[in-house]
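A short write-up of the structure that comes next.
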Amino acid sequence: KAGSTGHDVHAGTARRDPRTAWWTAARFGMFIHWGLYALPAQGEWIMYAQKTPVREYEKLAQRFNPTEFDAKAWVTLAKEAGMRYIVITAKHHDGFAMYYSKADPFNIIDATPFGRDPLKELAEACEEAGIVLCFYYSHVIDWHHPHALHKEHNNTWDYKLEEKRFPEYFEGKAKPQLKELLTEYGKVGLLWFDTAGGLSEEDSKDIVRHVQSLQPDCLINSRVSHFMGMGDFVSKGDNEIGMSGEDARPWETPMTLNQSWGYTTKDQVWKTADSLIKKLVNVIGKGGNLLLNVGPTPQGTIPELSAERLLEVGEWTRRNAEAIYGTDGSPFPVELEWGALTTRPGRVYLHIHNDKWPANGLRLNGIRNKVLRAYCLADQRQTGLEFEQAYDEQLELHTLGIRLPSQPADQYVSVVALELEGE
Ligand code: H79
C-alpha cells in the first residue's frame with residue numbers, strides 16, 4: 001500500500017488500532033430490536049407515537065412471555081448469515097430493561113411472567129459460538145423515567161418538562177444499568193448509544209469514562225454524543241451508506257431488513273437477498289461495517305421473512321468469506337460501475353454485480369503490482385481467467401483487462417479474486 005491517499009491512511013489506521021481491530025475485521029453484524037413494543041407490533045416508537053401513559057404501557061409487561069425464545073437459535077442464525085457480532089437492545093427508548101436490572105424494577109425479570117434473562121442466555125450462546133455480544137442502550141431518551149430529558153423526544157404526557165432533574169435519571173438509572181450490563185454479562189464487545197440530543201459535553205465524557213472504567217476494551221459508537229469526535233467508531237445515519245475515507249475513524253451502516261426496527265405486522269416491504277448482498281459489498285468496499293437489523297416477535301422468534309433472507313445472504317457470505325472478513329475497502333476513491341472492491345495484502349477482490357456483468361471483460365486501471373492469477377471465488381476448481389497487464393505511457397496508467405466467463409459464477413454478486421505479487 002502506498003499510503004499516499006487519505007483513504008489508504010484511513011484503512012490502515014483503522015486496522016492498526018488494536019481496540020477496534022476485531023470489529024473492523026468482522027464487517028457484518030446482527031442488530032436486534034426486541035422489547036415490549038413487539039406486542040402491539042407497530043415498531044419501537046409506539047409509546048411515543050400514541051402518548052401511552054406509563055401505567056398503561058407497563059401493562060404490556062404482564063403479557064410479555066416469549067416462551068419460544070431460544071438464544072442458541074438466534075446466535076446460530078446470525079452465524080449462518082455470516083454475522084460475527086450481535087447488538088441487542090438492552091433498553092430502548094421505552095425504558096424497559098430486557099435483562100434483570102436491580103437498578104429499576106421495570107425489567108423483564110421483575111415485571112413479566114417470563115422469569116428468564118434473555119441477555120444472560122444470549123451471552124452464554126454467543127460465548128459458545130464465538131460471536132461477540134454487544135448492547136444497545138438508550139442513554140438519553142427514556143419515556144418511562146420521570147427525569148430523563150432529551151432535546152426533542154420526551155414523555156411530556158406523564159411528566160412536566162420543567163420538573164425534570166436529569167441527574168436523577170442519569171446517575172440513578174442510566175449509569176447503574178450500564179454498570180450492570182458491563183459487569184454481569186462477561187465481555188461486552190461494544191455499547192451502541194443512540195440519539196444523544198441535549199446531552200452535555202461533560203455528561204458525554206462522563207459516560208465514556210464510566211464505560212471505560214468498567215471495560216476498557218468495550219467500544220463505543222459515535223452516537224454517544226453530539227460533540228464531535230467522540231466514540232471509537234462512527235454510526236452513519238440509519239440505512240445510510242458512507243463514503244470511504246471521509247472520517248478518520250472506522251464506520252458502520254445500521255440497516256433495516258424491511259423499513260422498521262422493532263417487530264411490526266404493518267410493514268411488509270422487505271429488501272431482497274439480492275439487494276442485501278449488494279448493499280453489504282457496497283458498504284465493505286467503502287471500508288465500513290454493516291449492522292443489519294431483525295425485530296423478533298413477542299413469542300421470541302425471528303420473523304420467518306427475516307430469517308429466510310439472512311440464510312440466503314449466508315450462503316453467499318460462506319462462499320465469499322475470503323473477500324469479506326478482515327479485508328480493507330477499496331483504495332480507489334471512485335464508484336465502480338460494476339460493483340465493489342475489497343483488498344487484503346497480496347489480494348484484490350472484485351465484487352461484480354451479476355446484472356452488470358461485463359461479458360466483454362473487465363478493465364481495471366491503477367494496479368501497479370504484477371497480477372499472478374485471477375479466478376472466480378465461487379469456482380471451486382479456481383480455473384484461471386485470462387488477463388492482460390500493461391502500462392500506458394501516455395496516460396501514465398497501469399491497465400488490467402480480465403476476460404470473464406460468459407456467465408457469472410455466483411448468485412447476485414460474483415467475486416473475482418486477483419493474486420498479486422507483493423502486498
Ligand atoms: O433504534 C432505532 C430507532 O428507534 C432509533 N435509532 C434506530 C437505530 C431512533 N431514535 N431516534 N430516531 C431514531 C430518530 C427519530 C425519528 C423520529 Fe419518528 C421522526 C421520531 C418521530 C418522527 C421515526 C418516525 C420514529 C417515529 C416516527
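The values are calculated or read from the model by the stated rules, or taken from the named source; none is laboratory data. Since we're looking at a predicted model, the values are computed, not measured. Note that we place each Cβ from the backbone using ideal geometry, even for glycine, and neighbour counts take in every protein chain shown. All accessible areas refer to the heavy atoms of the entire protein, side chains included, with ligands and DNA or RNA removed. Shrake-Rupley method; radii C 1.70, N 1.55, O 1.52, S 1.80 Å.
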Discussion item. Considering only residues that are in contact with a Lys or Arg (Cβ under 8 Å, 6 or more places away or on another chain), away from the ligand (no atom under 13 Å from the Cβ) and assigned to a loop (DSSP other than H, G, I, E, B), which ones fall in the stretch 131-144?
Written reply: Ile131
Worksheet item: List, please: which pairs have Cβ atoms under 6 Å, are six or more places apart or on different chains, and start with a residue in the stretch 43-58 that is closer than 21 Å to Leu257 by Cβ and end with one that is part of a helix (DSSP H, G or I) and within 11 Å of the ligand (Cβ to nearest atom)?
Response: Glu44/Tyr37; Ile46/Tyr37
Fill in: Asn293 open to solvent by 40 Å² or more (accessible area, probe 1.4 Å) and either assigned to a loop (DSSP other than H, G, I, E, B) or not hydrophobic (A, V, I, L, M, F, W, C) (or both)
no
Response to the item:
With the first residue restricted to the stretch 268-291 and required to be more than 22 Å from Asp328 (Cα to Cα), and the second required to be basic (Lys, Arg) and outside any strand (DSSP E or B), Cβ contacts under 9 Å at 6 or more apart or on different chains are Trp270/Arg309; Lys271/Lys279; Lys271/Arg309; Thr272/Arg309; Ala273/Arg309
Worksheet item: Limited to the stretch 59-80, what total is found for residues that are surrounded by 17 or more Cβ atoms within 10 Å (Cβ to Cβ), without any contact (Cβ under 8 Å) to a residue 40 or more places away in the chain and not aliphatic (A, V, I, L, M)?
Response: 0
Item to complete: For the stretch 41-56, state whether one or more residues are crowded, with 21+ Cβ neighbours inside 10 Å, within 16 Å of the ligand (Cβ to nearest atom) and under 20 Å from Trp192 (Cα atoms).
Response: yes
Worksheet item: When you scan the stretch 146-157, how many residues do you find that are open to solvent by 50 Å² or more (accessible area, probe 1.4 Å) and either of a type in the set (S, T, N, Q) or away from the ligand (no atom under 16 Å from the Cβ) (or both)?
Response: 2
Worksheet, complete the sentence: The residue from Gly314, Gly329 that alone is closer than 28 Å to Gln268 by Cβ and surrounded by 15 or more Cβ atoms within 10 Å (Cβ to Cβ) is Gly314
Practice prompt. Could you list all residues from the stretch 182-224 that are closer than 24 Å to Lys236 by Cβ, open to solvent by less than 50 Å² (accessible area, probe 1.4 Å) and part of a helix (DSSP H, G or I)?
Written response: Asp203, Ser204, Ile207, Val208, Val211, Ser222, Arg223, Val224
Item to complete: Return only the number of the condition from (1) at pLDDT below 95; (2) away from the ligand (no atom under 16 Å from the Cβ); (3) within 29 Å of Val140 (Cβ to Cβ) that Ile241 does not satisfy.
Response: (2)
Discussion item. Regarding the stretch 158-179, can at least one residue be identified that is surrounded by 23 or more Cβ atoms within 10 Å (Cβ to Cβ), within 16 Å of the ligand (Cβ to nearest atom) and not small (Gly, Ala, Ser)?
Written reply: no
Worksheet item: Given the structure, is Gly295 touching a His at 6+ places or on another chain (Cβ under 7 Å) and closer than 22 Å to Met30 by Cα?
Response: yes
Worksheet item: His147: at pLDDT 95 or above, part of a loop (DSSP other than H, G, I, E, B), within 29 Å of Lys205 (Cα to Cα) and within 21 Å of the chain's Cα centre (by Cα), yes or no?
Response: no
Item to complete: Residue by residue through the stretch 18-32, note down the ones that are part of a loop (DSSP other than H, G, I, E, B) and open to solvent by less than 10 Å² (accessible area, probe 1.4 Å).
Response: Thr20, Arg27
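Here's the yes/no breakdown for (1) within 22 Å of the chain's Cα centre (by Cα); (2) among the basic types (Lys, Arg); (3) over 15 Å from Phe135 (Cβ atoms):
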| residue | (1), (2), (3) |
| --- | --- |
| Arg55 | no, yes, yes |
| Arg63 | no, yes, yes |
| Trp74 | yes, no, no |
| Arg84 | yes, yes, yes |
| Ile88 | yes, no, no |
| Lys91 | yes, yes, no |
| Ala97 | yes, no, no |
| Ser101 | no, no, no |
| Asp104 | no, no, yes |
Practice prompt. Give the stretch 86-104 a look and list any residue that's in contact with a strand residue (DSSP E or B) (Cβ under 9 Å, 6 or more places away or on another chain) and more than 16 Å from the ligand (Cβ to nearest atom), or say none.
Written response: Tyr99, Tyr100, Ser101, Ala103, Asp104
Worksheet entry | the stretch 191-206 residues that are within 10 Å of the ligand (Cβ to nearest atom), paired with ones that are of a type in the set (Asp, Glu) (beta carbon under 6 Å, 6 or more apart) | Gly197/Glu152
